[in-house]
Structure formats: structure tokens, C-alpha cells
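What follows draws every value from the coordinates through simple rules; no lab data is involved. Everything numeric in this text was worked out from a predicted model, so none of it was measured.
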Amino acid sequence: MRTVLDFLKDCKDSAVAETIARLASSRIGRYGTIQSVDIDSATRRLRVSLMLDGEREPIAVEAERYEIVTDGGLHYLVLHGVTASRPWAQALLEDLLAGRRIRLPGALAYALKHLA
């Protein structure tokens, strides 16, 4: 049986996922569209489905764990164990995201870090 806390966690995860989708869409809009973002703050997993121009099917991307890092008052998202459903996308993500920090707006960082 679901509890009120489960319901509230799901609502918060959905709101954060929507914000991440908007931020990501603004960055990849030239290449395609974000179809969905699913976040699980309890396990700190992140899943994204995107449809890139020229592709026939959506590409699935998953981070087995995310963390929020604060440095000098700025907040960053760091993804760990990132996988993609296409080999070329996997290689690209490893080259572009491995060990790199993605700057986040403060409110989104707070939600990801403190409302889990």
C-alpha cells in the first residue's frame, strides 16, 4: 500500500524531472527533442528518452547514479554509470560527460539534493 510519503516523493520527482526536461531541451533543441525524463530520488537514478533528428527510434540514456556537487556557491550535476541505447551515443556520452560537472540552477540543485 502506498503511503502519503510515497505520493509526495513521486510528485517531487515528477516536478524535478519536468524541470530537467526543460533545461535539457534548451540545450539539445538543435539536435532533437526530449521525450521523457524519469528521476528516482530514492535511488538517485536518472533516465531520459530523446528523439534525435535523423534517428528512427528514441535513444534511451540512463545514469545509474547522480550526485549534486557544490563548489564556490554554484551547484553541479555529476552523472555516474551513464549508458545509452546506441553505441555511438554511448561513446559520445563517455567523451562528453565522464567526470564532468553540469551546472544547475540553485532551486533545481536544492530539490535534487535535499528533497530526496
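The three principal axes of the C-alpha atoms in the range 4-114 carry coordinate ranges of 40, 34, 23 Å, sorted with the longest axis first. For the pair Arg22 and Glu94, the difference between a 0.36 nm per residue extended length and the Cα-Cα distance amounts to 23.6 nm.
The mean sequence separation of alpha-carbon pairs under 8 Å and at least six residues apart, normalised by the residue count of the range 8-116, gives a relative contact order of 20 percent.
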